[in-house]
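Below you'll find the structure, written out as structure tokens, and then a few comments.
Coordinate-derived values only; no laboratory data. Values in this document were obtained by computation on a predicted structure and should not be read as measured data. All Cβ positions, glycine included, derive from the backbone under ideal geometry; neighbour counts span all protein chains shown.
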Amino acid sequence: MNMIKIIPAISVKNFGFYYNQQKVLDNVSMDIPQNKIIAIIGPSGCGKSTFLKSLNRMSDLEGEIQIEGKIEFFGQNIYERRINLNRLRRQISTIYSKPHLFPLSIYDNVAYGVKLIGWRPKPELDEVVELALKAADIWEEVKNKLHKSALELGYGEQQRLCIARALAVKPQVILMDELCAGLDPIAIMKIEELIECLRSELTIIFISHNMQQVSRLADFTALFQYNENHIGQLREFASTKKILAQYTDYSIRDYVTSYPRFSK
Ligand code: ADP
């Protein structure tokens, strides 16, 4: 029989996390497959953002931290000392819940990260910017005002511009922390359509409190919880279908909004 072993994009092994010697995540293990969409759900404060930030070591910027276990990106432990953090954060790129644009033109926002990697001739840079804006489905809206300030765009457009900026440096994984917070339903629909289009090329990991959104988008869902010491843990990582079938919508909503969340 022909067995093909699929290498996970990210492999998390017995991962624990401390802020100022205070443990907030304990013993998280999961294999995140390539080119899939993964939702992270669970009650507030159970470590979802911390976990997301740990996947590209943005959590290093949070002050005194400590970790246990390891996180591998295509087999390489990202917590090794020799890891190139700039490269890692290009490969595993974060998109925040609020658009974080630079006070620069639309063009320069998208070109920013690309320029940091190295010099490119102008026509090549133009092409990278255009392709990223097209991939983020915002090209038609901005193609005639590329040199206007990005801050003049609407909120939903700014969020798609952030996605274009992330895509321009060709990441393999995108991390999204409550991407649709503060967006109106039409802007949310556009972002969800965009995520659908990116599905075949990227691994996308997003935090959401919206179960409908999770069921629409996510192939797999990671359900976090607290243990009795109020430390975040992974309760289950499985197909979204399985998670949603196992816990009713009502009970998941309950996990997300009240404490204690789980009893079995
Ligand atoms: P969630 O995303 O599930 O709401 P977080 O990862 O934001 O959870 O937080 C997990 C725990 O870590 C919380 O108790 C929170 O107060 C704490 N925490 C988060 N960020 C920091 C930080 N920079 N310094 C100290 N504690 C933090």
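If you bin all the Cα-Cα distances of segment 137-233 at 5 Å, starting from zero, the percentages per bin are 2, 10, 21, 22, 17, 12, 7, 5, 2, 1, 0, 0. For segment 211-222, backbone phi angles converted through the Karplus equation (6.51, -1.76, 1.60; θ = phi - 60°) give residue-by-residue couplings of 5, 5, 5, 4, 5, 5, 9, 8, 6, 10, 10, 9 Hz, Gly and Pro being listed as x. So, R0 is 35 Å and r is the distance between the beta-carbons of Gln22 and Leu104; what FRET efficiency does that work out to, to 0.05? For R0 = 35 Å, the calculated efficiency reads 0.35. Annotation for segment 38-72: GluC sites (Glu not before Pro) lying in DSSP loop with at most 14 further Cβ atoms inside 10 Å of their Cβ are Glu64. Using the Cα coordinates of segment 155-195, the gyration tensor eigenvalues translate into equivalent-ellipsoid semi-axes of 18, 10, 9 Å, sorted from longest to shortest.
Just list whichever of Lys23/Lys48; Lys122/Lys145; Lys190/Lys242; Lys53/Lys98; Lys98/Lys122; Lys70/Lys241 have alpha carbons separated by over 22 Å in the model shown. Over 22 Å apart, Cα to Cα: Lys190/Lys242; Lys98/Lys122; Lys70/Lys241. Residues whose amide H lies under 5 Å from that of Ser105, counting only those 5 or more places away or on a different chain, are Ala150; hydrogens are built 1.01 Å from N in the peptide plane. Stokes-Einstein, applied to the Kirkwood radius of the chain over Cα pairs at a viscosity of 1.567 mPa s and 4 °C, places its translational diffusion at 67 µm² s⁻¹.
Here the gap between Ile83 and Ser239, fully extended at 0.36 nm per residue and compared with their Cα-Cα distance, gives a gain of 53.0 nm. Residue by residue, segment 136-146 carries 3J(HN,Hα) couplings of 8, 6, 10, 4, 4, 6, 10, 4, 9, 9, 4 Hz when phi is fed to the Karplus relation 6.51 cos²θ - 1.76 cosθ + 1.60 (θ = phi - 60°); x denotes Gly or Pro.
Kirkwood radius and radius of gyration were both taken over the C-alpha atoms of segment 61-128, and their ratio Rg/Rh is 1.06. Less than 5 angstrom separates the built amide H of Ile40 from those of Phe206, Ile207, Ser208, Ala222, all sequence-distant by 5 or more or on a different chain.
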